[in-house]
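> Okay, handing you the structure first.
The values are calculated or read from the model by the stated rules, or taken from the named source; none is laboratory data. Just so it is clear, the model here is predicted, and its values are computed rather than measured. Counting neighbours? That spans all protein chains shown, and the Cβs are built from the backbone with ideal geometry, glycine included. The accessibility values were calculated without ligands, DNA or RNA, using every heavy atom of the protein model including side chains. Shrake-Rupley method; radii C 1.70, N 1.55, O 1.52, S 1.80 Å.
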Amino acid sequence: MKTVFETAKKEIPKGSKSSISSYLSSLFEERYNFSRDERSYTRYYKSLVEENTDYNIDDLTLLYLSKYLGYDNYDDFCNRVNVGDSNQETFSLSLSEKFQQIFITVTPTIVLADFIKKNGMGFLEMSFVILLATGGVVFSNPKNSNILGIISDPNLLATNKPFMYWDKDRYIATDSSSLGPQIEVIPMDKENFLYLKKITRPDTLTVDNALHKVWYSKSNNEVEFFTSFGKHPENGKALKDATEYIIETYGGQ
């Protein structure tokens, strides 16, 4: 959040905390069709930066905050940025048990000899790590490799499939454009696939943990809660931001 406000500050140099929050609210709605009132951004900044306390920000907000900073998503931001020092950037490589986990910090000067000695690595091993860090290694068949394991989010990998369909409480990725008359298959929508899910335990929702973080659809006096905005996957109705009244009435006690 500190990085977001610092970035916005460059665009409106004389902006206060309140005006920056208002700017972010308007910008995100215009650029991403994502609605959050300025009080939300002020609250995030106050808790996380000024008071240095934890604050639970929903996944969708984290997605667009990351996009605003130029990253694909929040995981991409976390993987590529070392938030401890703005002058450094850290690469994290998940290697085999022999290497465990190695962190290479890119600074103005790196003494490779000391790094190799410290990690007990030979020349070939070190060359391999450097190629991996700089994108110079291509794996043609991961299934046959017993040396290296790169762990990726299976949901993110699933977005490579061309289609998806709704199954009870989430989207399922598929390679087929037709799965029979009972199932509506639609083109892959990465953001809906990753972030739009039905909340199956609405009794766990409270104003503290759900306000401005969940959306709902009401039909025949029955309310369903979802983790993202957009349209109801089954009836196509627009999802609405859950208010205090809706959460208290149809959520947890």
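> Give region 232-253 a look and list any residue that's out of contact with any Ser or Thr (no Cβ under 9 Å at 6 or more places or on another chain) and either of a type in the set (Lys, Arg) or without any contact (Cβ under 8 Å) to a residue 60 or more places away in the chain (or both), or say none.
236, 242, 243, 244, 245, 246, 249, 250
> Further, regarding this structure: Is there a residue in region 29-48 that is closer than 25 Å to residue 238 by Cα, in contact with a His (Cβ under 6 Å, 6 or more places away or on another chain) and open to solvent by less than 70 Å² (accessible area, probe 1.4 Å)?
Within region 29-48, one or more residues are closer than 25 Å to residue 238 by Cα, in contact with a His (Cβ under 6 Å, 6 or more places away or on another chain) and open to solvent by less than 70 Å² (accessible area, probe 1.4 Å).
> Residue 23: at pLDDT 85 or above, closer than 20 Å to residue 196 by Cα, surrounded by 13 or more Cβ atoms within 10 Å (Cβ to Cβ) and in contact with an Asp or Glu (Cβ under 8 Å, 6 or more places away or on another chain), yes or no?
No, not satisfied.
> Let me spell it out: the conditions are (1) among the small types (Gly, Ala, Ser); (2) modelled with pLDDT of 80 or more; (3) open to solvent by 80 Å² or more (accessible area, probe 1.4 Å), and residue 86 meets all of them except one. Which number is the exception?
For residue 86, the exception is condition (2).
> While we're looking at this one, here's another question. Which condition breaks for residue 2 when tested against (1) in contact (Cβ under 8 Å) with a residue 40 or more places away in the chain; (2) under 22 Å from residue 191 (Cα atoms); (3) not β-branched (Val, Ile, Thr)?
If we test residue 2 against (1) in contact (Cβ under 8 Å) with a residue 40 or more places away in the chain; (2) under 22 Å from residue 191 (Cα atoms); (3) not β-branched (Val, Ile, Thr), just (2) comes out false.
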